[in-house]
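As structure tokens, the structure follows; a few thoughts come after it.
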Amino acid sequence: GDIRRLYRQFNVYRNLENKQGTPKGLIYEVSMKELLITGFLAKPIYNRIETKINGEVEYVLSEEDEAFFNRFGEFSEELKTKIAGSAARNKMIVDEYIENKDRYGKTLIFALNQEHARALSYAFTEAGISCDYAISDRPDNQEVIRAFKENKFRVLINVQILTEGSDVPDIQTVFLTRQTNSDSLLMQMIGRALRGPAAGGTEEAIIVDFHDTWDKFSFWIDPQQLPIFETEDDVVIEEPPVFQKAHSDSVSS
């Protein structure tokens, strides 16, 4: 996955073979526990919401949708639009926030696509929650993000605009309304709420994951399996098959 490619890029596996750096093959690392204790990292709290929506049935999955997913590992734009238009699903998202708005506070929502961002923004506004959205087609994105940073509204909906590079340190909660098979994208989305109090952020980072049921699509990454939710320091880096083969060849020779 993306993490293994990152390890290769920074020679982690080579360091393991040469017994360099830390026991995990890193030149330098700070444990999750240290970052939490010092307050640089907010304590991540994972909340999985089962929508109980059967995707194949609710969104009338077509052969084209299935073929697209099998080829690219992602939803087709047609399927995204179907999900975006689900009033029942969007109401679940809005209701979840309203029922816990004091706890969730300043919230960043990652939508499926631009239609979904607009639909959710309308639903939140209709429910009396101050809200706006940032999408690539909006020329005033930076003004919207600045207003969110200045607390002029409580909920910002976006489509990967704020995965990186936008500094809004006091985000309390992230809503994941889309599933993905990219661990790096997932980490970027979750990372928007991980600033701790020592870095101008919050004590807790609440990650709310809206999970539909898919019988045919089973390649999604479970956010709770990301390293950020691990509490132990003895994480073992698995060697990829290529490294294992090279290592065994060198031993045999």
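The values are calculated or read from the model by the stated rules, or taken from the named source; none is laboratory data. Keep in mind it's a predicted model, so treat the numbers as computed, not measured. Neighbour counts run over all protein chains shown; Cβ positions are idealised from the backbone, glycine included. Heads up: the accessible areas ignore ligands, DNA and RNA and are worked out on the full protein's heavy atoms, side chains in. Shrake-Rupley method; radii C 1.70, N 1.55, O 1.52, S 1.80 Å.
Details
- The range 141-182: number of residues that are of a type in the set (K, R) and open to solvent by less than 20 Å² (accessible area, probe 1.4 Å): 1
- Residue pairs meeting the criteria (Cβ under 8 Å; at least 6 apart or on separate chains; first under 15 Å from S121 (Cβ atoms) and of a type in the set (K, R), in the range 134-156; second assigned to a strand (DSSP E or B) and open to solvent by less than 100 Å² (accessible area, probe 1.4 Å)): R154/T107; R154/C131
- Some residue of the range 62-77 being under 30 Å from G201 (Cα atoms), assigned to a loop (DSSP other than H, G, I, E, B), modelled with pLDDT under 90 and out of contact with any Ser or Thr (no Cβ under 7 Å at 6 or more places or on another chain): no
- Cβ-Cβ under 6 Å pairs, at least 6 apart or on other chains, the range 83-99 side more than 15 Å from E126 (Cβ to Cβ), far side in a helix (DSSP H, G or I) and not small (G, A, S): A84/E115; A84/H116
- Filter result (surrounded by 17 or more Cβ atoms within 10 Å (Cβ to Cβ), part of a helix (DSSP H, G or I) and either without any contact (Cβ under 8 Å) to a residue 24 or more places away in the chain or aliphatic (A, V, I, L, M) (or both)) within the range 119-133: A119, L120, A123
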